Amino acid sequence: MKKLLSLFILAMLLSAASAQRRLAFRPATHGFHFPNSFHSSVKVAGDNREAFRTDGLCGGMVLAAFNYFRYRVPIPAFGPDDMTYDVSVQVPAIATSTTSPLIDYIFHSQIATFQNVSAISFSPAFKPDYSAEYNKVKARIDRGEYLILGLQMRPGQSGFGHQVLAYGYNDATKEVYIYDPNFPDKEICICAAVENNQPVIVLKCEGNVVESRYKAMFEQQELFVNRISDRTTYDMTDNVVRNLNFAVRPPNITRATVATASNVDLERVLPFNAVYEFMNVQNNKMVEVEDALFSKGNKVQQYANYEQKEACDGHNQKWMVIPAGQRSGKNVYYIINFGFRKYLQAGNRVTVEPGNDQNNQLWVLELNNNRDAVFIKSFASGQYLQVPATRANDGEWMELGNFTGSGNQLFMPSRYTGYSNVGGYRPGSFRTIQPQYNNNKSVIITNASPADATSIVLNDLQPGAAHGRWQFADAGRGYFKITSPLGSGKCIDVRGTEAGNGSGLESWYCADQQDKQKWLIFPSVREPGYFMIFNKISGRCMEVAGGAVNDNGVRVQTYLFHDGNNQKWRLGDVR
């Protein structure tokens, strides 16, 4: 009887797991990080007058993002403030002007999405049935294919229609998972509903309705992840003849970049200035810290995805990946839980623990061939993080095992959010760096000396004093250089070749290639207005030595993160 019951439970678990399926594309990682806010001004060649104006390049953003994904190169890291949304278009040549290569690529991708007969399906005369179209989506996803979906507008709504990318489904609720460029970095679900006795299409995000402007969805174009070409421009005839699904190499990407996986820079695929969720590709479970005993929890387990749960508010499923330099020729990383503020640690059990400066808290990240998921290997044991191969229920303890390459060892990193704006920092403005609980102290250069190798210490706050004024200069890929105006510009630097606990900080001339001068900045979870500052060379955190946040002349140093108030900083405005 017990055996029959066990088989019944296993069958139920497998049935629940098969009700959902997501392919590898994730909006937060592979979609553009800016919204579909484009406006196209259309002019006839030789005439400066505007013939008409259109809004949005949704299909272009969808197809362009998918091409970055299938060519296995990272999506550009541009955010909303990095883009110019006005596009000037000349006809009949359909050429853009005064745009960047990326915007031109998106625009011509938009044109390409209408180069087949499916464009007529946006007409009100075409009345697709949701159930029939859902079944088409499900069949495509089950074959490993992606789709561009068209959405028809409801009567009374402005616009021609909308285009999104389908990459998954939930068969229990008949929902489709999509990348919608109107909602960057978010997973959106399409589902059917009825309003005023009329069928409508509802878009949801995290269970909440975000849009209901559409009346129907339909399959517009299937896309194959493994079909690529060397073309750099769209060609309708060539596409039809060879069925290449508009595979056009993204701009500024060389053939060599696309050709091999060995030259992939992990830091471009997985920018470290963001907080990530890690979902196992076999069972869609998240890597999380058990939250039953929030103040003492250390069990790392698999669990269904959630954003809000009791006191943990979902942060126990979110992780910071901090570069920790090189060991034995390998790049190694600390993986710190964002909610519990503890290090992922390998041992007889996988746990989170306070930082210990041992190899069992160092991890190697290896990309899979598609460059969309990672294997997480313990530097200490050489074994790989994995979910239990045959147990899919929530709460199962994460394991370590020898490499198999199976799905239970493969994790999809989804960018939860990024913190590259440093709390609304305005480029070019100055800030003070003040320790938590003592806003009367500030990080300064000793004696306001412009000389290199001058110690960085804590002292009384002197608003406006040059030696306590700091700018945060973009150092690329989410890193910052923290610069002073003294001596024609100095950077906060780790002293000499020090990289361990207690390494002192000093001012030094700013050098482009110096990782010692590069810093990752994260907010302190549940403590609004305070930040943690990690150094790239060692993965250690900026802190006041000995916790002496009330004393003058105390040196500022780096140390393993331990969530102390001497490691949390307020970045104050300097008028």
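Laboratory data are not the source of any read-out in this text; all were calculated from the coordinates shown. No experiment lies behind these values; they were computed from the predicted model shown. Positions of Cβ are generated from backbone atoms using ideal geometry, with glycine treated the same way; all protein chains shown enter the neighbour counts.
Provide the per-residue ³J(HN,Hα) series for segment 29-43, in order, calculated from phi with Karplus coefficients 6.51, -1.76, 1.60 and θ = phi - 60°, each as a whole number of Hz, with x at glycine and proline positions.
Values, residue by residue: 9, 10, x, 5, 9, 10, x, 7, 10, 6, 10, 10, 9, 9, 10 Hz.
If you take every residue apart from Phe218 with its C-beta less than 15 Å away from the C-beta of Phe218, what net charge results, scoring Lys and Arg +1 and Asp and Glu -1?
+2
For segment 404-409, take each phi angle, set θ = phi - 60°, evaluate the Karplus expression 6.51 cos²θ - 1.76 cosθ + 1.60, and give the result in whole Hz per residue in order, putting x for glycine and proline.
3J(HN,Hα) across segment 404-409, in whole Hz: 10, x, 6, x, 6, 9.
So what is the calculated 222 nm ellipticity per residue for the chain, using -39500 (n - 2.57) for each DSSP H run with n of 4 or more, over all residues, to the nearest 500 deg cm²/dmol?
Estimated from H runs of four or more residues: -3500 deg cm²/dmol.
For Ser503, what residues show an amide H to amide H distance below 5 Å, using hydrogens built from the backbone and excluding near sequence neighbours?
For Ser503, whose amide H was placed from the backbone, the distant partners under 5 Å are Thr558.
Pairs Lys299/Lys518; Lys490/Lys518; Lys481/Lys568: which are spaced more than 22 Å apart, C-alpha to C-alpha?
Flagged as over cut-off: Lys299/Lys518.
Compute the helix-to-body angle for 58-70: its Cα long axis versus the longest principal axis of the chain, expressed 0 to 90° and rounded to tens.
Compared with the principal axis, the helix lies near 60 degrees.
Which shape class, rounded, prolate or oblate, goes with segment 431-573 when its Cα gyration tensor gives a ≥ b ≥ c as root eigenvalues, a/c under 1.5 marks rounded, and past that a/b bigger than b/c marks prolate?
Rounded, because the longest to shortest axis ratio a/c is under 1.5.
Arranged by the count of other C-beta atoms within 10 angstrom, fewest first, what order do Tyr85, Tyr214 take?
Ascending Cβ contact count within 10 Å gives the list Tyr85, Tyr214.
What shape does segment 59-178 have by the C-alpha gyration tensor, where a ≥ b ≥ c are the square roots of the eigenvalues, rounded means a/c under 1.5, and otherwise prolate means a/b greater than b/c and oblate the rest?
oblate
Spelling out what I want: for every residue of segment 471-485, take phi, set θ = phi - 60°, compute 6.51 cos²θ - 1.76 cosθ + 1.60 (Karplus), and round to whole Hz; glycine and proline get x.
Running phi through 6.51 cos²θ - 1.76 cosθ + 1.60 with θ = phi - 60° gives 10, 10, 8, 4, 9, x, 6, x, 8, 10, 9, 9, 10, 10, x Hz.
Can you give me the long-range amide H partners of Val87? Hydrogens built in the peptide plane at 1.01 Å from N, cutoff under 5 Å, separation of 5 or more residues or another chain.
Answer set, sorted by chain and number: His39, Ser40, Ser41.
Could you tell me which of rounded, prolate or oblate describes segment 42-107, using a ≥ b ≥ c as the square roots of the eigenvalues of the alpha-carbon gyration tensor, with rounded for a/c under 1.5 and, failing that, prolate when a/b is larger than b/c and oblate otherwise?
prolate
Enumerate the amide H contacts of Thr454 below 5 Å, restricted to partners 5 or more residues apart or on another chain; note that Pro and chain-start residues carry no placed amide H.
Amide H neighbours of Thr454, under 5 Å, 5+ apart: Ser507.
Please report the net charge: other residues with Cβ closer than 14 Å to the Cβ of Trp519, K and R +1, D and E -1.
Counting the neighbours of Trp519, the net charge comes to +3.
Which of Arg477, Arg469 has the fewest other C-beta atoms within 10 Å, and how do the rest follow up to the most?
Ranking Arg477, Arg469 by Cβ neighbours within 10 Å, fewest first, gives Arg477, Arg469.
For Lys215, give me every one of the aspartates and glutamates with a C-alpha distance below 16 angstrom, ignoring sequence neighbours fewer than eight places off in its own chain.
Correct list for Lys215: Asp129, Glu133, Glu175, Glu195.
What order, most packed first, do the peptides 336-343, 56-63 have when packing is the mean number of other Cβ atoms within 10 Å of each residue?
My ranking of the peptides, most packed first, is 56-63, 336-343.
Give the percent of DSSP beta bridges with both residues in the chain that are antiparallel, rounded to the nearest 5.
Just about 95 percent of them are antiparallel.
Using the Cβ atoms and a cut-off under 13 Å, what net charge is assigned to the surroundings of Leu147, where Lys and Arg are +1 and Asp and Glu are -1?
-1
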